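Each remark here refers to the structure printed beneath this line.
Derivation of every value follows stated rules applied to the coordinates shown; laboratory data play no part. Only a predicted model underlies this, so the values are computations on that prediction, with no experimental measurement involved. FYI the Cβ positions are ideal-geometry reconstructions off the backbone, even for glycines, and counts take in every protein chain you see.
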Amino acid sequence: MRKILVANPKGGCGKSTIAVHLASWFAMNDEVVFIGDLDRQQSSRHWLDLRPPSQPKIHHWEPTDELVAPPKGCSVAIFDTPAGLHGKRLKQLLGEVDRVIVPVSPSRFDMMASRDFFEELAQVKAVRKDRVGVGIVGMRVDARTNSSRELVDFLEQFELPLLTCLRSTQRYVRALESGVTLFESSDAAAAIDRLQWQPLLEWLVTRRAS
């Protein structure tokens, strides 16, 4: 089973966008996919409610403090987490997963909010022992701007891989409002956006915990 945690201490950084797109991609590839939405806003859960029945099935489960593990029969579990995740709850979730994806936007406020989180991750034994892989995804990135270059410079100090950068586009907003992701879109113009996901997808499928 692949177990993926999407986490960042800051709200509004794109965690749910990543969670639902990964869920749809794995479901399109015949995996049994469950999303566990721990965020109070329940964005991923609402997205599932909007999802057309004609699309590949994605399931929902509710992790609790006592029972975090996904249901039996699941082959891909994706945890969509709330802002402010830290401490005991973070360590509990890290004990359940084999990959962590951290979305970071190229704004100074977002980068500073992520600093303590990266340092906390580095202290967790499972991360130190490389049992849990951590990767970063740049969100709403325009490669032509100074802020995007500042993001790359900022991340270099943590020795964590910047897997890919996703550009800002209203297609992601429409995806969250429709229950259908860019992977399932028939819009030919979305091809460039789908291509930006490829390094992240390859990282997830080629490095898998035993």
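Values computed for the structure shown
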| item | result |
| --- | --- |
| Computed [θ] at 222 nm, helices only, for the chain once each DSSP H run of length n ≥ 4 contributes -39500 (n - 2.57) | -11500 deg cm²/dmol |
| Rough spin-label spacing in nm, given labels placed 7 Å along Cα→Cβ, for ARG171 and VAL152 | 2.2 |
| Peptide ranges 171-182, 82-93 listed from the most packed, as the mean C-beta count within 10 angstrom indicates | 171-182, 82-93 |
| The stretch 1-33 and the stretch 35-65: distance between their alpha carbon centers, rounded to Å | 10 |
| For the stretch 54-149: rounded, prolate or oblate by the Cα gyration tensor [a/c cutoff 1.5] | oblate |
| Rounded to the nearest 20 debye, dipole of the chain from Cβ charges on Lys, Arg, Asp, Glu | 200 |
| Residue (of ALA83, GLY135, LEU151) at the positive-pole extreme of the chain, dipole from beta-carbon charges | GLY135 |
| Reported label for calculated Rg/Rh (Cα atoms, Kirkwood Rh) given (i) 1.05; (ii) 0.93; (iii) 0.97 | (ii) |
